[in-house]
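Notes follow once the structure below has been shown.
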Amino acid sequence: MHIRVYGVQVDELAAYEKAEGKYGFTFEFAEAPLNEDTVDQVHNCDGIILVTTCNVTEKVVKELAERGVKYLATRSAGSDHVDYDAVVKYGLHCANVPFYAPEAIAEHTILMALWVLRHGKKSYEMVKSGDFTMKGLKGRQLGQLTAGVLGTGRIGRTTMTLLNGFGTKVLGWDPYPNAAAEKLGTYVSKEELFAQSDIVFLHCPLTDDSYHLICDETLALMKPGAVLVNTARGGLVDHAAVLKALESGKLSGFAFDVYENEAEFVRKKLPVDQISDPVFKALFQREDTAYSAHVAFYTDGAINSMIEVTLDNLKEYETTGQCRNEIKVEGGAV
């Protein structure tokens, strides 16, 4: 199988070199993400390895099918960047990586939460400017708060486990509760979670039902001064509504590793003042926010696992025509 790979980093090339012998694959590497403007660069490929910065619309899928591509494999758990209905319509197959290293994202989630709770950005800027006082830096201890975790899959449960270690009271909500999460916190309704939580963590997949889960209506349910942390999918959040909530004091902090319109700048070198999105720029510049550029997953262990499972998926397709990690119509979970 000849495979075109998107989003590969220089330090990952050795893994693909080893894979040529192990799997019998050959590879080519693309610099720009796959989308409607770049799909015409695909030639003589049986499979495609995707990352979340790719935008695989119906037009892209149709073009790939016409160019002989049979299999797509996204190097992620989430799959909202792939039009799976179109994949089925044009006879292709697509698999994801249901889990790889939930600890990587959960650890980054806690890091961002603590950075906001302890006024990390403000403290850094004060010291940088020569101000070594404590003015405005009184923080909150995670172990004295009630945390609400929306989405109690593998990543959500790992975050709940870490929160337990801090002594945090943990609430959970998920449309599909599970026994493992019940041991780590108390399931409540979504409304109760918003009303009772001092800090809310998002670990949900992005679906039609969860799009803009955080909006004016749900923000109104939250405690005054609550903190919001999103390391899942940008589309879960109405960022204009969050900005208003920060400006009014309804929220006291917002940490985010993902942004709904991040394709303009993520994985690129672009000065912030050249970004066209005014809401992102306003959020980024606030002292009560923390932003990282979609890197919560990015550890050596997670990347190695992602690559291995992705290649296993393609080998399974090549050998049997099927794959246990085939994405379902409702999309992949995080």
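Among the conditions (1) among the charged types (D, E, K, R); (2) at pLDDT 95 or above; (3) crowded, with 19+ Cβ neighbours inside 10 Å, Arg75 misses just one, which is (2).
Restricting the first member to the stretch 56-80 and to residues that are within 21 Å of Thr207 (Cβ to Cβ) and free of Cβ contacts under 8 Å to residues at least 60 places away in the same chain, and the second to residues that are of a type in the set (Ser, Thr, Tyr) and not in a helix (DSSP H, G or I), the beta-carbon pairs closer than 7 Å and six or more apart or on different chains are Val61/Tyr90.
Would you check if Lys138 is surrounded by fewer than 22 Cβ atoms within 10 Å (Cβ to Cβ), more than 20 Å from Ser79 (Cβ to Cβ) and over 25 Å from the mean Cα position of the chain (by Cα)? So Lys138 fits the description; yes.
If the requirement is being under 29 Å from Ala101 (Cβ atoms) and either out of contact with any strand residue (DSSP E or B) (no Cβ under 6 Å at 6 or more places or on another chain) or among the polar types (S, T, N, Q) (or both), which of these qualifies: Leu162, Leu145? Sole residue among the options that is under 29 Å from Ala101 (Cβ atoms) and either out of contact with any strand residue (DSSP E or B) (no Cβ under 6 Å at 6 or more places or on another chain) or among the polar types (S, T, N, Q) (or both): Leu162.
Counting only helices (runs of 4 or more DSSP H) that sit completely within the stretch 119-206, those holding 2 or more residues that are modelled with pLDDT of 95 or more and of a type in the set (S, T, N, Q) correspond to 154-166. Of the residues making up the stretch 51-72, those that are open to solvent by less than 30 Å² (accessible area, probe 1.4 Å) and closer than 26 Å to Phe297 by Cα are Val51, Cys54, Val56, Leu72.
Evaluated against (1) touching a strand residue (DSSP E or B) at 6+ places or on another chain (Cβ under 6 Å); (2) within 24 Å of His294 (Cα to Cα); (3) at pLDDT 95 or above; (4) in a loop (DSSP other than H, G, I, E, B), Val8 falls short on exactly one condition, (3). Per the listing Pro102, Pro98, the residue uniquely open to solvent by 10 Å² or more (accessible area, probe 1.4 Å), at pLDDT below 95, closer than 21 Å to Glu318 by Cα and not basic (Lys, Arg) is Pro98.
The values are calculated or read from the model by the stated rules, or taken from the named source; none is laboratory data. These figures come from a predicted structure and were not determined experimentally. We place every Cβ from the backbone using ideal geometry, glycine too, and count neighbours over all the protein chains shown. Accessible surface is based on the protein model in full, side chains and every heavy atom, while ligands, DNA and RNA are left aside. Shrake-Rupley method; radii C 1.70, N 1.55, O 1.52, S 1.80 Å.
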